[in-house]
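K.L.:
After the structure tokens below, expect a handful of questions from me.
The values are calculated or read from the model by the stated rules, or taken from the named source; none is laboratory data. What you are looking at is a predicted structure, and each value in this text was computed from that prediction instead of being measured. Note that each Cβ is placed from the backbone with ideal geometry, even for glycine, and that neighbours are counted across all protein chains shown. Accessible surface is based on the protein model in full, side chains and every heavy atom, while ligands, DNA and RNA are left aside. Shrake-Rupley method; radii C 1.70, N 1.55, O 1.52, S 1.80 Å.
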Amino acid sequence: MIIAVDGPTASGKGTVAAGLAKLYGLKRLDTGALYRAVGLAVLDTGGDPGDEAAAVAAARALDLAAIDETRIRSSAAGVAASQVAALSVVRAALVDAQRAFAADPAGAVLDGRDIGTVICPDATVKLFVTASLEARTERRLKELHARGEDISFDTLKAQIAERDARDLNRSDAPLRQAADAHLLDTTDLSIEAAVEAARRIVEAACSRHGASS
Ligand code: C5P
């Protein structure tokens, strides 16, 4: 079983993906972490994340096992991630690692922006997780404040809106709900309620699969 979970930043897709992976005993890949790690690697060398040569070199050198889970969560790494992610050569350099992860015979859960549309178009179940810009800003603000980052609601809201626009409008693999993805709006849902709603979608989809095969 491959579960594809896409959606904008801080929509709850990571929480839903982690919850489903736990529930079904599947491995999970947070593909945003790959783009964040590439963006951060460019920043660490003093480079510009929009510079194609620097970004593709960082993408090709990326070691999934060596990603610093703490440092990639900064708002600066998030912004850099959305810049490197707009470059087709960077996306191409990261495709194989994502598909190899999804090819595990035991199945997998992958979350990102283009899992259901580009990386795993034949996924067993696809979810598109969303929430209002205000709710997403509030959630991300709590995370960043917990890490000690000093950023205001309005600055973060503008930053997230800018990232959304970049993700939605890029020419290669823009953020889109796949035609066969199930929409899950988590604006008014708790973590538990969001995972439970996702579980119901997965189970309904699997029983339809079972009935049609
Ligand atoms: O999900 P997260 O906010 O960590 O992703 C960071 C950035 O990585 C996104 O804004 C997006 O530009 C990029 N991304 C992407 N495709 C994916 C996952 C993330 O373009 N599959």
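K.L.:
Would you pick out the residues in region 11-25 that are under 24 Å from ALA59 (Cβ atoms) and either surrounded by fewer than 24 Cβ atoms within 10 Å (Cβ to Cβ) or in contact with a Pro (Cβ under 6 Å, 6 or more places away or on another chain) (or both)?
P.N.:
GLY14 - this is the single residue of region 11-25 that is under 24 Å from ALA59 (Cβ atoms) and either surrounded by fewer than 24 Cβ atoms within 10 Å (Cβ to Cβ) or in contact with a Pro (Cβ under 6 Å, 6 or more places away or on another chain) (or both).
K.L.:
Can you tell me which residue in region 61-100 is farthest from the ligand (Cβ to nearest atom), limited to those that are among the aliphatic types (A, V, I, L, M) and outside any helix (DSSP H, G or I)?
P.N.:
ALA61
K.L.:
Looking only at residues in region 26-36 that are touching a residue at least 40 places away in the same chain (Cβ under 8 Å) and not in a strand (DSSP E or B), which one is surrounded by the fewest Cβ atoms within 10 Å (Cβ to Cβ)?
P.N.:
Ranking the qualifying residues of region 26-36, first place goes to LEU26.
K.L.:
List pairs: first in region 42-58 and part of a helix (DSSP H, G or I), second open to solvent by less than 70 Å² (accessible area, probe 1.4 Å) and of a type in the set (S, T, N, Q), Cβ under 8 Å, 6+ apart or cross-chain?
P.N.:
That search, which allows pairs on different chains as well, returns ALA55/GLN83.
K.L.:
Now a separate question. Can you tell me which residue within region 1-58, out of those that are hydroxyl-bearing (Ser, Thr, Tyr) and near the ligand (Cβ under 10 Å from one of its atoms), is farthest from THR70 (Cα to Cα)?
P.N.:
Looking at residues that are hydroxyl-bearing (Ser, Thr, Tyr) and near the ligand (Cβ under 10 Å from one of its atoms), I get SER11.
K.L.:
Checking ASP68 against (1) surrounded by fewer than 19 Cβ atoms within 10 Å (Cβ to Cβ); (2) in contact (Cβ under 8 Å) with a residue 60 or more places away in the chain, which test does it fail?
P.N.:
With (1) surrounded by fewer than 19 Cβ atoms within 10 Å (Cβ to Cβ); (2) in contact (Cβ under 8 Å) with a residue 60 or more places away in the chain applied to ASP68, the lone miss is (2).
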